[in-house]
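The values are calculated or read from the model by the stated rules, or taken from the named source; none is laboratory data. None of these values were measured; they are calculated from a predicted model. As a convention, Cβ positions derive from the backbone with ideal geometry for all residues, glycine included, and neighbour counts pool all protein chains shown.
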Amino acid sequence: ASYRTEVSFLEIHNERVRDLLRQDQTQSHSLKVREHPKNGPYVQNLSNHLVYDYSDIQ
């Protein structure tokens, strides 16, 4: 069997959503929460990072 693990990390503060894993944090960047008809809510443009082992998320 094979598997794939991805991680995202976000902060919600004062009704603003921020991507905590985004490389370029120099500008204030508030993300939008959207809703997919089948998959439910998601954060548009939130970065996903492929994780190979535990050290990738420490």
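The table below lists the values:
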| item | result |
| --- | --- |
| In the stretch 23-58, residue farthest from the chain's Cα centre (by Cα) [restricted to those that are hydrophobic (A, V, I, L, M, F, W, C) and modelled with pLDDT of 90 or more] | Val51 |
| Scope the stretch 6-55; condition of a type in the set (Val, Ile, Thr) and either in a loop (DSSP other than H, G, I, E, B) or touching a helix residue (DSSP H, G or I) at 6+ places or on another chain (Cβ under 9 Å) (or both); matching residues | Val7, Thr26, Val51 |
| Top-ranked residue of the stretch 1-44 - restricted to ones that are surrounded by 11 or more Cβ atoms within 10 Å (Cβ to Cβ) and among the aromatic types (Phe, Trp, Tyr), ranked as farthest from Ile57 (Cα to Cα) | Tyr42 |
| Considering residues of the stretch 1-22 that are of a type in the set (Lys, Arg) and over 12 Å from the mean Cα position of the chain (by Cα) only, the residue farthest from Ser55 (Cα to Cα) | Arg16 |
| Residues satisfying the stated conditions in the stretch 1-55, i.e. without any contact (Cβ under 8 Å) to a residue 40 or more places away in the chain and among the acidic types (Asp, Glu) | Glu11, Glu15, Asp19, Asp24, Glu35, Asp53 |
